[in-house]
Amino acid sequence: MQYGTTTRATVSAMAVIAAALALTACQSDGDGTATKAPTTTPTTAASSPASASPTAPATATPSASGGGASTASAAPASPASATSAGTAPTCAAAALETSAYQAAVRPDGTGTGAAVIQFKNVSAKPCVLRGHPTVAGAGNGSPQHNTPLTVTRTGSAADVKVAPGGKAWVKLTFVQVQGEGDGYCASGAKPAVYPTLVVGLTGSGAHQVALNDGQFAECDNKVTATAVSAVKPA
């Protein structure tokens, strides 16, 4: 009987120990779970900023907008190129039609006094006339047989852009013939009379032109010439 009692006590004691061990195991599992949760949380948080950090460099937007800026700066170059394309070439001789008439404002006398030479652009494109003219007196139909006149230049020269159908002018002022009939020259020389003039402009050839009424009568084979102008002279 004593043996039986001892056995039951031992069994009871072992049951108590087992229960204690089970409780300890449960508490240990709970602590482990709690420990693992914070460990996981910081790990996730750490990986979050790490992934955010490559995202920022990966945004290469500044680089792209830099490219946009250089494209934008190329756009203003267009007007520059357009401006270059707007520069017209020198008028060719074939692009010009010339005519002449006596100027309204001229020296007193019986000769031509002054004449206006008109250049009209008969081509389909704009072109440029420039400089002071050369002038020679000539007969009809023989521009190569001419007498060069001494030209005194007046005014400053500038390029004149002439549109298709547009016009430009030079004014020639001669040493005037005096007196009646054939007249005379104040210098004592004999007046010269030319049916035509040969008028040349730099790069634009020489052009034979006759007055719309009469002939060119002048003294001393001298002429004062303005530069070609877009303004019609008087």
What order, most packed first, do the peptides 169-180, 110-121 have when packing is the mean number of other Cβ atoms within 10 Å of each residue?
-> 110-121, 169-180
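Could you give the length gained on full extension between residue 99 and residue 122, defined as 0.36 nm per residue of separation minus the Cα-Cα distance, in nm? If you can, show how the numbers build up before the last one.
Details: separation 23, 0.36 × 23 = 8.28 nm, distance 1.28 nm.
Working it through step by step, the gained length comes to 7.0 nm.
What's the FRET efficiency of residue 156 with residue 186 using the Cβ-Cβ distance as r and R₀ = 45 Å, to the nearest 0.05? List each step's numbers first, then the result.
Numbers: r = 29 Å, r/R0 = 0.65.
Efficiency, rounded to the nearest 0.05: 0.95.
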Hey, any idea what % of segment 91-179's accessible area is carbon plus sulfur with a 1.4 Å probe?
-> 51
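Give the Kirkwood hydrodynamic radius (Å, one decimal) of segment 154-234, defined as one over the mean of 1/r across all pairs of different Cα atoms.
Values: mean 1/r = 0.0685 Å⁻¹.
14.6 Å is the Kirkwood radius here.
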Net charge (Lys, Arg +1; Asp, Glu -1) of residues whose beta-carbon lies under 13 Å from that of residue 184, residue 184 excluded, is -3
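The values are calculated or read from the model by the stated rules, or taken from the named source; none is laboratory data. All values derive from a computational prediction rather than experimental measurement. Ideal geometry is used to build each Cβ from the backbone, glycine not excepted, and the neighbour counts take in all protein chains shown. These accessible areas exclude ligands, DNA and RNA; they are computed on the full protein's heavy atoms, side chains included. Shrake-Rupley method; radii C 1.70, N 1.55, O 1.52, S 1.80 Å.
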